[in-house]
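**Student:** This structure is in structure tokens; I'll ask about it shortly.
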Amino acid sequence: MISILMLAAVGKAQQELQVSQYMFNGLFLNPAYAGSHDYWGATALHRSQWVSFPGAPRSNMLAVDGPIKGKNMGLGFQFINDATGLLATNEIAANYSYYIKLNDKDHRLAFGVRAGIRNETFNADGLQNVDLSDPLYQGNQSFWIPRVNIGVYYYTPKAYVGLSSHNMLSIDERRNLNSDAGLRRHYFLNAGYVMNVTSSGFVKFKPSVLIKYQAAAPIQADLNAHFLFNDRFWLGVSWRTKAAFVMMAEFQITQQLRVGYAFDATTTGIRTYQNGSHEIMVGYDFTQKLVKIKHPRYF
């Protein structure tokens, strides 16, 4: 019972979903990523965290984005479902980006905004050994909370740098702005680069990094290293500081369809009570004959 309550509190405090395969679809982190490719694409992801631990987080995400034809703009849409202990969260959001072509037409600087609405439901009926006369524990409680994220994203065909801020409103369930009990502002800085290892380009190397900052928590960083073989198969590892080691693989089945898998091996004290975290991803790019893809989706 205590572990379930603890997980609900942690889920509330963390506020932002944690996924390991964000580097294959930047819309999970940054609204300015919307429309950064010349075609529409969709990515679905499921994450089972801390398997075998009671009340552990289970997350589902769907992201769709693409360019507005004839405009330097992009659109993106997201749906997020998350359950941690007795707390369930559902969220829908729309993303808009505007990009500027720099000196080289393949170099772009984009600015983006994300607006959405989150529903949080606390299932108090699942509690035991509590004072049922307390209004806090009587039936389900549901809250609707608006969310706004912003971001900037610089990218070329083989490199990117992004900075985003989540929860710009810092609002709580009672619609109070700047409340200590509400959604807190988070900052994400990420960057990556793809380079040839062999002269033929058969093997490529992609290092990337993600730095996460929230004023009430220690800074956390993801250090990632991926190898791409024959433009078809990704294999990589990641170290999430003070949290986990991650192993990842992605396979480009066709020019349009790709699948990925990640396993997190927890390094914190909870590691002896669970069997790691599993993540499955499926991506599909809605390309047409008029759009010629020179390489798979590097990011």
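**Student:** Hey, among the residues in the stretch 202-259 that are more than 20 Å from the chain's Cα centre (by Cα) and among the β-branched types (Val, Ile, Thr), which one's surrounded by the fewest Cβ atoms within 10 Å (Cβ to Cβ)?
**Tutor:** This residue is Thr254.
**Student:** Only residues that are part of a strand (DSSP E or B), at pLDDT below 95 and either surrounded by fewer than 17 Cβ atoms within 10 Å (Cβ to Cβ) or of a type in the set (Gly, Ala, Ser) (or both): list them for the stretch 65-99, please.
**Tutor:** Ala83, Ala88
**Student:** Moving to a separate point now. Can you work out which of the residues in the stretch 2-23 that are polar (S, T, N, Q) and not in a loop (DSSP other than H, G, I, E, B) is modelled with the lowest pLDDT?
**Tutor:** The qualifying residue modelled with the lowest pLDDT is Ser3.
**Student:** Could I ask something else about it? With respect to Asp222, determine if the residue is more than 30 Å from Glu120 (Cα to Cα) and acidic (Asp, Glu).
**Tutor:** Answer is no for this residue.
**Student:** Something else now. For the stretch 43-64, enumerate the residues that are assigned to a loop (DSSP other than H, G, I, E, B) and surrounded by fewer than 19 Cβ atoms within 10 Å (Cβ to Cβ). Explain how you work it out, then say what you get.
**Tutor:** Filtering the stretch 43-64 down to residues assigned to a loop (DSSP other than H, G, I, E, B) leaves 49-57.
Answer for the stretch 43-64, where residues must be assigned to a loop (DSSP other than H, G, I, E, B) and surrounded by fewer than 19 Cβ atoms within 10 Å (Cβ to Cβ): Val51, Ser52, Phe53, Pro54.
**Student:** Can you work out which of the residues in the stretch 27-42 that are under 14 Å from the mean Cα position of the chain (by Cα) and surrounded by fewer than 24 Cβ atoms within 10 Å (Cβ to Cβ) is nearest to His186 (Cα to Cα)?
**Tutor:** Among residues in the stretch 27-42 that are under 14 Å from the mean Cα position of the chain (by Cα) and surrounded by fewer than 24 Cβ atoms within 10 Å (Cβ to Cβ), the one nearest to His186 (Cα to Cα) is Phe28.
**Student:** A further question follows. Those residues that are modelled with pLDDT of 95 or more and surrounded by fewer than 17 Cβ atoms within 10 Å (Cβ to Cβ), I need them from the stretch 101-112; list them, please.
**Tutor:** Selection gives Leu109, Phe111.
**Student:** Would you confirm, using the coordinates I've provided, whether Ala115 is crowded, with 18+ Cβ neighbours inside 10 Å and either part of a loop (DSSP other than H, G, I, E, B) or at pLDDT 85 or above (or both)?
**Tutor:** Answer is no for this residue.
**Student:** Here's another thing I want to ask about it. State whether the residues of the stretch 24-40 include one that is at pLDDT below 85 and not polar (S, T, N, Q).
**Tutor:** no
**Student:** Turning to a different aspect of this structure: Condition first: of a type in the set (S, T, N, Q) and surrounded by 14 or more Cβ atoms within 10 Å (Cβ to Cβ). Now tell me which residues in the stretch 139-159 satisfy that. If you could, list the steps in order and put the result at the bottom.
**Tutor:** So the first thing to find is which residues in the stretch 139-159 are of a type in the set (S, T, N, Q), and the list is 140-142, 149, 156.
Answer for the stretch 139-159, where residues must be of a type in the set (S, T, N, Q) and surrounded by 14 or more Cβ atoms within 10 Å (Cβ to Cβ): Gln141, Asn149, Thr156.
**Student:** Test of understanding: among Leu189, Leu169, which residue is in a loop (DSSP other than H, G, I, E, B) and either modelled with pLDDT of 95 or more or within 27 Å of Asn25 (Cα to Cα) (or both)?
**Tutor:** Values: Leu189 fails: in a loop (DSSP other than H, G, I, E, B).
One residue alone meets the criteria, Leu169.
Residue-by-condition table, conditions (1) in contact with a Gly (Cβ under 8 Å, 6 or more places away or on another chain); (2) in a loop (DSSP other than H, G, I, E, B); (3) modelled with pLDDT under 95:
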residue	(1), (2), (3)
Gly201	no, yes, yes
Ala217	no, yes, yes
Asp222	no, no, no
Phe227	yes, no, no
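**Student:** Would you call Phe251 free of Cβ contacts under 8 Å to residues at least 24 places away in the same chain, part of a strand (DSSP E or B) and farther than 20 Å from Glu279 by Cα?
**Tutor:** The answer is no for Phe251.
**Student:** OK, next. Does Tyr284 count as under 20 Å from the mean Cα position of the chain (by Cα), touching a residue at least 40 places away in the same chain (Cβ under 8 Å) and either in a loop (DSSP other than H, G, I, E, B) or over 19 Å from Met23 (Cα atoms) (or both)?
**Tutor:** Against the criterion (under 20 Å from the mean Cα position of the chain (by Cα), touching a residue at least 40 places away in the same chain (Cβ under 8 Å) and either in a loop (DSSP other than H, G, I, E, B) or over 19 Å from Met23 (Cα atoms) (or both)), Tyr284 does not qualify.
Listed here are the residues, each with its yes/no results for (1) of a type in the set (Lys, Arg); (2) touching an Asp or Glu at 6+ places or on another chain (Cβ under 9 Å).
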{"position": "Gly201", "(1), (2)": "no, yes"}
{"position": "Lys206", "(1), (2)": "yes, no"}
{"position": "Ile211", "(1), (2)": "no, yes"}
{"position": "Ala225", "(1), (2)": "no, no"}
{"position": "Phe229", "(1), (2)": "no, no"}
{"position": "Leu235", "(1), (2)": "no, yes"}
{"position": "Phe245", "(1), (2)": "no, yes"}
{"position": "Ala249", "(1), (2)": "no, no"}
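The values are calculated or read from the model by the stated rules, or taken from the named source; none is laboratory data. The shown structure was predicted, so the numbers you read here are calculated from the model rather than taken from an experiment. Here Cβ is always computed from backbone atoms with ideal geometry, including for glycine, and neighbour counts include all displayed protein chains.
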